[in-house]
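Here is the structure we will look at.
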Amino acid sequence: MELDMVRYLSKLAKLDFTDEELEQAVGDMTSIIGIMDTIKDIDITYDPYKDNHNVYLEDLRKDEPMPSLPTDKLLQNAVNQDGCFVVPKVVE
Amino acid sequence: MSVSDYIPVIGLEIHSELLTKSKVFCTCSAEFGGEKNTRCCPVCSGLPGTLPIINQTAVEYAIKAGYALGCEISKFSVWDRKNYFYPDLPKAYQISELYYPICLEGAVPIEYEENGEKKTKTIRINHIHLEEDAGKLVHDDLNGVSLCDYNRCGVPLVEIVTEPDMRSPEEARTLVETIALLLQYAGVSDCKMEEGSIRADVNISLMPKGATEFGTRAEIKNVNSLKSIYRTIEYEIKRQAQILDRGGKVIQETRRFDANKGETKSMRTKEDAHDYKYFPDPDILQVNLRDEDLERIKASLPEMPKERTAKYIGMGIPEKEAKIIVSDKLISDFFEDTLKAYNNPKSLVNFINGEIMRRINLGEIDMTAPAFDAVNVAKLVEMSDTEKVSKNDAKEIFREMAEKGGNPEEIAKNRGMLIVTDTSKVLEVIESVIAANEKAVNQYKSGDVKVFGFLMGQCSKSLRGAATPKVIKEELEKKLASL
Amino acid sequence: MVELTITELRKKLDSKEISAAELTQAYLDRIDAVDGKLESYITVTPEKALAAAEKAQKSIDEGNATPLCGIPMAIKDNICTEGVLTTASSRMLENFIPPYNATVMEKLDNAGAVTLGKVSMDEFAMGGSTQTSYFKKTKNPFDLSRVPGGSSGGSAAAVGADLCAAALGSDTGGSIRQPAAFCGVTGLKPTYGRVSRYGLIAFASSLDQIGPVARSAEDCALILNTIAGYDFHDGTVSKLPVPDFTEKIGMDMKGIKIGVVSDFFAEGVDDEVRQSVLSAIDSYKAMGAEIIECSMPSLKYAIAAYYLISSAEASSNLARYDGIKYGHRADVAGSYSDLIVASRSEGFGDEVKRRILLGNYALSSGYYDAYYGKAMGLKQKIREEYAHIFEKCDLIITPTAPTVAYGTNENIDDPKKMYQADFCTVTVNIASLPAISTPCGYNKDGMPIGMSVVGKMWDESLVIGAADAFEKNFARQGAKL
């Protein structure tokens, strides 16, 4: 796997690597992709119809609201302000 | 070339929130509003370990939306994850349907006017899928932070994806208006632009007249009013035409409409890699629909605008009036209710399209929560028709009803507007008018019939509210003839 | 008494020979004495445990004790416990206090089980050694220089070292069975959809399943009886009726058809392990079971399919960790993107990052069909091959792991070697099957060897019954710690 690909994937994944880590990651990923490439010699596709678990409309949840979580419990693990989760200012 | 040398090619992705009681993947209330983060639970706020559980009604409503827009319904649908990072999306993926959406091809006929000319067209629907809404960000400029409110996270949405069949801002606006109306009639969405319950992404490109191949398109995200949709398209046509005129190329990108400036702006940020990496959501099993489920849902679809218009025309209401009534579901439903209490469609339509519409347009009436009810309006119209109140007094009575509600009979009685025909009183008044106006009576008897109006006026003055002019006239003529 | 099975403890509790509080205290004392060396617990909750024991004692005194009432258990640290730190062994969740309980916790609490604390694991359950834990790199109770296996290494080590009567683990590609084998205990991975995943911090949603680690197959059955069944909060849990999983305890193996898939004994499997499992198969034969040779042509693709599917799902499941709503929040100024990139880069360990990169690769446009799509196709093919085998067999027996527990410094730095070691276990998850690992021997160094009994979907009872039949004739050795 090329350095550029690892860089691209890390951007997609919102991960940051130092140059040294990046070099290590390229080596690791190349080796891992080596194992994954064993599937290259088989021609097969996924058929979602085969994964059908026979779930029908009546098996789904009824539309009945239930109490929500108290806001303080919702926010108990977060930096919060005015009953909200706080993030750096998002410029749209 | 000028703007008129290009043909705009427009497609829309219309997002409309569904009116379920609970959210699509959890049991929190899906109602609009609420104190920030009070309609959230571990599931919709994306806590580790939580799982989505599909709301049956959300699926049914999506199917109804499909039927309302003439779609074919798929008997097998699969939920996918659309992965991206944004602070209003707590799981960092949106559950949606990409590969196996619930509704397939459909078609929506539109009618609109262009340069005073009436036009019709059919816009094809590519598909409709069900997905979850994201939360909201509130910006705190003082502290330089944004605040996340997840109340809206997980409210069910249908995304209606059209084919690029529209060729003018008017067509696009009309389509959104038409779809909003159809969804309202289907009972699946209230389509309130101001609450963000319907909004659209606009895809637009230009091609020179005579060309057959579409140009490169721009996507303008999240346009949230009919007016903005119109202005967005107008602006983009100008912008893209200018680029093309200069020999430039339109960039395929996502843009945002700034309603204050009336402009669109690129939303691209330099650092972001873009790939939604859709894949089937392993937490949700595929949903199967049987013929009988679909038949039941189709049968449960309420009367749609087309059927209602035809019904009203069948009642003898002029087409134009019928369409006005039908174009607002709240009004049309109100009309239906008045009909149950007083079966005189023409008269009711006259009153509704006249007096009620006038006050709505003045902003005096909010039809989502009117002070009056249908039964009392029906009664009022009937009273006016049977001359229990005068036409003018009926309007006056309605003004009070629009403000405070109430029963028209009581209002008329309290305000002395009720016409109760009391023949003995009529005769008594006529006797006294004749006695007091001997000269005029004699003039009349000698053939000067013009003076009848004067005598009639004298009687009416004293009989206000006690008899209809018709009765007074008849009795007065009878009396004068007998002298 | 800390070394007894649940069945044995039940008798002592019900006969009032010991009280629930005494039993709980005995485990707490042993944790104090031993866990400094073993490093299995991330969090111990003595007050909560003793309070639960008091409550359990009341039920016992009233004669209302259910099988797990008063039984002290350890819980893998990826199962959410309301009000108790739940880290998934990651720095990312170093401070995460769940505001809700996993469904299995509700069920255990209602059954009167006593939770002693939360045990270590590989970070986000990614690994087979428990050495990727940010907190406790648990050791093997048979040899502290070796790994306990993983990812449920804390669960297996705590049971093996008598620091709890039983434990809950989770199994995505062997994460209950392999550590059970390494630590000389019994671990059951139920059929996918048997136990609610609500509250289990997701690694790979289509493969994850919670299950018990205990001292016997019968103990596993008792725990499964308590935690199995339909759950409103998990749409992938089956609505099938839940049997009494002890129904085949003491069964006769006569006429039971056991499949032996040669591919599982091929190259890469340690000789001592192979011999030990084959001789276990011989003893089943001696009990009257019929042995049937089978093959699984797609096994050679299983590792790739497993890592592609599990990493793809993980890359999406772990995207929610951004430091905003919970967990490690980096101390950086800058944009939203800067904050989450820093939080994630600091919060996740190397192995987790590798899996996230692999998952992003497998799902990214241009590679989706070649990797994720194909892996999903292979998943269906492997299921079909199992279905074919189960047309003629009732059970399949395989080694649980190709080797015994290795040294804490081996393997874990070489992802390729580490991944390949999972080939015995991953197909069971891919095919949603139930499987139990139970000790079947010890190597020349005295390290435990495990074999896996794999059954048809929903056939846990037979899997448990067969393991029990072997256990009854097997001299299990305890760890000396």
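For segment B:423-482, what log10 I(q)/I(0) values come out of the Debye formula at q = 0.14, 0.15, 0.16, 0.30 1/Å, with one point per alpha carbon and no solvent? Once normalised to I(0) and log-transformed, intensities are -0.32, -0.36, -0.41, -1.45.
Cα extents for segment B:382-483 along the principal axes, largest to smallest and rounded to whole angstrom: 53, 24, 20.
Let me have the 222 nm mean residue ellipticity of chain B computed from DSSP H runs of 4+ only, each contributing -39500 (n - 2.57), with the sum over all residues rounded to the nearest 500.
Computed mean residue ellipticity for chain B: -11500 deg cm²/dmol.
Here the scattering of segment C:148-294 is modelled by Debye summation over its C-alpha atoms, one equal scatterer each and no solvent; at q = 0.14, 0.17 Å⁻¹ the log10 of I(q)/I(0) is -0.80, -1.13. Calculated FRET efficiency, B:GLU163 and B:ILE243, Cβ-Cβ r, R0 25 Å, to nearest 0.05? Taking R0 as 25 Å, the efficiency between B:GLU163 and B:ILE243 is 0.55. Computed extension gain for B:SER424 through B:GLU438, at 0.36 nm per residue and net of the alpha carbon distance, reaches 2.9 nm.
Put in line by how crowded their Cβ is, counting other Cβ atoms within 10 Å and starting with the fewest, C:TYR367, C:TYR321 read C:TYR367, C:TYR321.
What relative contact order, as a whole-number percentage, does chain C give when Cα pairs under 8 Å and 6 or more residues apart are counted? Don't jump to the answer; show the numbers that get you there.
Working: 1213 pairs, mean separation 86.0, N = 481.
Reported as a whole number, the value is 18 percent.
Centre-to-centre, using Cα atoms only, segment B:303-379 and segment B:13-75 are separated by 32 Å. All C-alpha pair distances within chain A, sorted into 5 Å bins from zero, spread as 3, 8, 9, 8, 8, 10, 12, 14, 15, 10, 2, 0 percent across the bins. Based on the Stokes-Einstein relation at 4 °C and a viscosity of 1.567 mPa s, and on the Kirkwood radius from alpha carbon pairs, segment A:1-44 is assigned a translational diffusion coefficient of 114 µm²/s. Spin-label model, A:HIS53 to A:ASP82: label points 7 Å out along the Cα-to-beta-carbon direction sit 4.1 nm apart.
Here C:ALA387 and C:ALA475 are evaluated by their C-beta separation; at R0 = 22 Å the FRET efficiency comes out at 0.05.
Just need the Rg to Rh number for segment B:123-178, please, alpha carbons only, Kirkwood Rh.
Numbers: Rg = 16.9 Å, Rh = 14.2 Å.
A ratio of 1.20.
Classify segment C:164-214 as rounded, prolate or oblate from the Cα gyration tensor: take a ≥ b ≥ c as the square roots of its eigenvalues, call it rounded if a/c is under 1.5, otherwise prolate when a/b beats b/c and oblate if not. Prolate is the answer for segment C:164-214, as a/c is 1.5 or above and a/b outweighs b/c.
For segment B:133-225, the ratio of Cα radius of gyration to the globular rule of thumb 2.2 N^0.38 Å stands at 1.38.
The Rg/Rh ratio of segment B:303-414, with Rg taken over Cα atoms and Rh as the Kirkwood radius over Cα pairs, comes to 0.95. Against the empirical curve 2.2 N^0.38 Å, the C-alpha radius of gyration of segment C:312-371 lands at a ratio of 1.23. Compute the whole-percent fraction of alpha carbon pairs in chain C spaced more than 28 Å apart. The answer is 47 percent, as a whole percent.
Which FRET efficiency value, to the nearest 0.05, do you get for C:LYS285 and B:GLU292 by plugging their Cβ-Cβ distance into 1/(1 + (r/R0)^6) with R0 = 51 Å? Could the numbers behind the result be given before it?
Values: r = 53 Å, r/R0 = 1.03.
Once rounded, the FRET efficiency stands at 0.45.
Of the residues B:ASP366, C:ASP422, the one with the fewest other Cβ atoms within 10 Å heads the list, and the complete ranking is B:ASP366, C:ASP422. When the alpha carbon gyration tensor of segment B:3-292 is reduced to an equivalent ellipsoid, the three semi-axes, largest first, read 32, 24, 18 Å.
Once the Cα atoms are used to define both axes, helix B:329-341 deviates from the longest principal axis of chain B by about 40 degrees.
Averaging Cα coordinates gives a centre for segment C:201-273 and one for segment B:211-240; these two points are 57 Å apart.
If you rank B:TRP79, C:TRP458 by fewest surrounding Cβ atoms within 10 Å, what's the result?
Numbers: B:TRP79 26, C:TRP458 19.
In increasing order of surrounding Cβ atoms, one gets C:TRP458, B:TRP79.
For segment C:5-49, what number results from the quotient of the Cα radius of gyration and 2.2 N^0.38 Å?
Details: Rg = 12.2 Å, N = 45, 2.2 N^0.38 = 9.3 Å.
Working it through for segment C:5-49, the quotient is 1.30.
Cross-link pairs exceeding 26 Å in C-alpha to C-alpha distance, out of C:LYS48/C:LYS76; C:LYS417/C:LYS444; A:LYS14/B:LYS221; C:LYS107/C:LYS139; B:LYS227/B:LYS346, comprise C:LYS107/C:LYS139; B:LYS227/B:LYS346.
Where does chain C land at 222 nm, in deg cm²/dmol rounded to the nearest 500, when only DSSP H runs of n ≥ 4 count, each adding -39500 (n - 2.57), divided by all residues? Walk me through the numbers on the way to the answer.
Working: 15 runs with 180 residues, N = 481.
Counting only the DSSP helices, I get -11500 deg cm²/dmol.
Summary value for segment B:423-482: 42 percent relative contact order, contacts being C-alpha pairs under 8 angstrom separated by 6+ residues.
In whole Å, what three semi-axes, largest first, describe the equivalent ellipsoid of the protein assembly as shown built from its Cα gyration tensor (square root of 5 times each eigenvalue)?
Numbers: eigenvalues 1038, 234, 132 Å².
For the protein assembly as shown, the ellipsoid semi-axes come out as 72, 34, 26 Å.
Determine the shape class of segment C:197-243: with a ≥ b ≥ c the square roots of the Cα gyration tensor eigenvalues, call it rounded for a/c under 1.5, and otherwise prolate if a/b is greater than b/c, oblate otherwise. Because a/c hits 1.5 or more and a/b fails to exceed b/c, segment C:197-243 counts as oblate. Normalised by the number of residues in chain B, the average gap of Cα pairs under 8 Å and 6 or more apart makes the relative contact order 14 percent.
Every number here is computed from the coordinates shown, using simple stated rules; none is lab data. The structure displayed is predicted, hence computed values, not measured ones. Please note: Cβ atoms are built from the backbone with ideal geometry, for glycine as well, and neighbour counts cover all protein chains shown.
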